[in-house]
Amino acid sequence: MTARSAEECHLYMELHPCDCGEPVFQWSRCRREQRDDRPFSVYEGHCGACGEARCFEFAVTDEPPPPPAYGGPEPSQIIGPDEFLAVAQALAAIVPADPQRLGSEEREQAMEVIELASAAIDEVLKFAPEPDGEALPARLRSELAQLRRGYTAVRA
Ligand SMILES: [Zn+2]
């Protein structure tokens, strides 16, 4: 199993909480290793809630895509389409619909969340044979496009 980007490693860890239920993992060490000529990323640390030692190891690619993309054209090997969809929905839900009321810093942050949600939907679609094969991502996509237009209009 190979992770396609650091973003994908981070999301995978977010999706796999500690046995105690704590979802946040603040790793204290992250290192790269070569094993049989393959690069690996290893994240180590302790759970902030129960203190349990935690460690994630990912085979990684040498050429990750530019952020906020989670990966290239091929679907993820470690995160499923339903997980990406839930992530996109959760991200889209925290973006305020009306950018007018936000400060410029909050607007920038919201814009980043919209880009990340769009990237997550791109990942869902990589599992679907038809680009518009799934109704929900299509609906989320148009919602996100609408949000993005609103934010871009305010920024201009
Ligand atoms: Zn824990």
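The values are calculated or read from the model by the stated rules, or taken from the named source; none is laboratory data. Computed from a predicted model, the values in this text were never measured in an experiment. We place every Cβ from the backbone using ideal geometry, glycine too, and count neighbours over all the protein chains shown. Just the protein is used for accessible areas: all its heavy atoms, side chains included, with ligands, DNA and RNA removed. Shrake-Rupley method; radii C 1.70, N 1.55, O 1.52, S 1.80 Å.
Figures for the structure shown
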| read-out | value |
| --- | --- |
| Among the residues listed as A90, A97, A69, the single one being more than 16 Å from the ligand (Cβ to nearest atom), without any contact (Cβ under 8 Å) to a residue 24 or more places away in the chain and aliphatic (A, V, I, L, M) | A90 |
| Matching residues, region 51-89, being within 30 Å of D37 (Cβ to Cβ) and touching a strand residue (DSSP E or B) at 6+ places or on another chain (Cβ under 7 Å) | A53, R54, C55, F56, E57, F58, A59, V60, T61, D62, Q77, I78 |
| Unique residue being on the phi < 0 side of the Ramachandran plot and assigned by TED's automatic domain parsing to the domain that holds G150 when the list is Q26, Q34, Q109 | Q109 |
| Residues being open to solvent by 80 Å² or more (accessible area, probe 1.4 Å) and within 16 Å of the ligand (Cβ to nearest atom) - total across region 25-46 | 4 |
| Failed condition for A49, given (1) among the aliphatic types (A, V, I, L, M); (2) surrounded by fewer than 16 Cβ atoms within 10 Å (Cβ to Cβ); (3) away from the ligand (no atom under 16 Å from the Cβ) | (3) |
| Selection status of L11, under 25 Å from L147 (Cβ atoms) and within 16 Å of the ligand (Cβ to nearest atom) | no |
| Flag for S76 being more than 16 Å from the ligand (Cβ to nearest atom), touching a helix residue (DSSP H, G or I) at 6+ places or on another chain (Cβ under 7 Å), free of Cβ contacts under 8 Å to residues at least 40 places away in the same chain and open to solvent by less than 50 Å² (accessible area, probe 1.4 Å) | no |
| Elements of type helices (runs of 4 or more DSSP H) in region 77-156, at least 3 residues being charged (D, E, K, R) and within 18 Å of H10 (Cβ to Cβ) | 104-127 |
| Filter result for R38 (closer than 29 Å to K126 by Cα and under 18 Å from the mean Cα position of the chain (by Cα)) | no |
| Candidate set: region 23-65, residues that are closer than 26 Å to P81 by Cβ and outside any strand (DSSP E or B); chosen: the one modelled with the highest pLDDT | F25 |
| Residue under evaluation G21, criteria (1) within 16 Å of the ligand (Cβ to nearest atom); (2) surrounded by 11 or more Cβ atoms within 10 Å (Cβ to Cβ), criterion not met | (2) |
